[in-house]
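Bear in mind these aren't lab numbers, they're just calculated from the coordinates by the rules spelled out. None of these values were measured; they are calculated from a predicted model. Cβ placement follows ideal geometry from the backbone for every residue including glycine, while neighbour counts extend to all protein chains displayed.
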Amino acid sequence: MGLLSNKIDREALKPGDHIYSWREAYIYAHHGIYIGDEMVIHFTRGAGQEIGTGSTVMDRFLFSSSPVHDTDNPCPKCGDQTRDGVISSCLDCFLSGGNLYLFEYHVSPVLFLAKARGGTCTLAPSDPAEDVLSRALFLLENGFGGYNIFKNNCEDFAIYCKTGLLVFTSLSVGRSGQAASYLAAASAVVSTPLRFMTTSFSGLALVGYGMYCASRLVSDIGVRRDVSKVPVERLIASPGLDEPEKIAEVAKED
């Protein structure tokens, strides 16, 4: 791994690692937790369902993260992978022909901002591997709620497994660095009044990039104040815990 790439060899993987693979010409990445023996636990929706419509070509092309296999010829190691939710796949099916990358935790602000693309690292520290595996295996059996591309996606799942942190406000995106970076890019282009302070192209680019970096940084799970540590068992024991108010109540109890 290096400053510009988090690519990692299979032989270097350890159980409890948060891994990801870029999909569709690097438009987005799919995330999961490596549990050993070439197996990955990840949160997914089927083709055309991840943004909740299931009706457009764009949905089917961009947002399917289910392993691609003919239903009549399933992977001999994974079995049927067509269902929604938290599933276990072999590493080959998870990668779907893409490269393997390791998501980094407890990075410095300088390194975080140096990696201009969101969804590759966080300032938050990871919990011990045994806690990560315990959460992932528990959620494999009990689910992780409904999929939402901005609030509860595959990266949110992996980050929760690694940290136990949940967002308890509804004012912004979830834990996902990918979602935060997309919204940060949009806000840098259309919403900052600072763009009127300069008329040169280089000045506009500098202002826009500065706003993008600032938005990404304040949205990171490692610096946000609207997060709480929630035991994985409470996700099932407390109905409606996907609602911010419920998460806040559980955090106070714990």
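What does the charge count near VAL132 come to, summing +1 for each Lys or Arg and -1 for each Asp or Glu among other residues with Cβ under 13 Å from its Cβ? Around VAL132, the charge tally is -1.
The packing ranking, built from the mean of other Cβ atoms within 10 Å per residue, places the peptides 214-226, 76-88, 115-127 in the order 115-127, 214-226, 76-88, highest first. The label-point distance for ASP92 and VAL218, in a model that sets each label 7 Å from Cα toward Cβ, rounds to 4.8 nm.
Highest mean first, the peptides 152-163, 101-112 sorted by other C-beta atoms within 10 Å per residue fall in the order 152-163, 101-112.
Between ALA116 and ARG10, the contour length at 0.36 nm per residue exceeds the alpha carbon distance by 35.7 nm.
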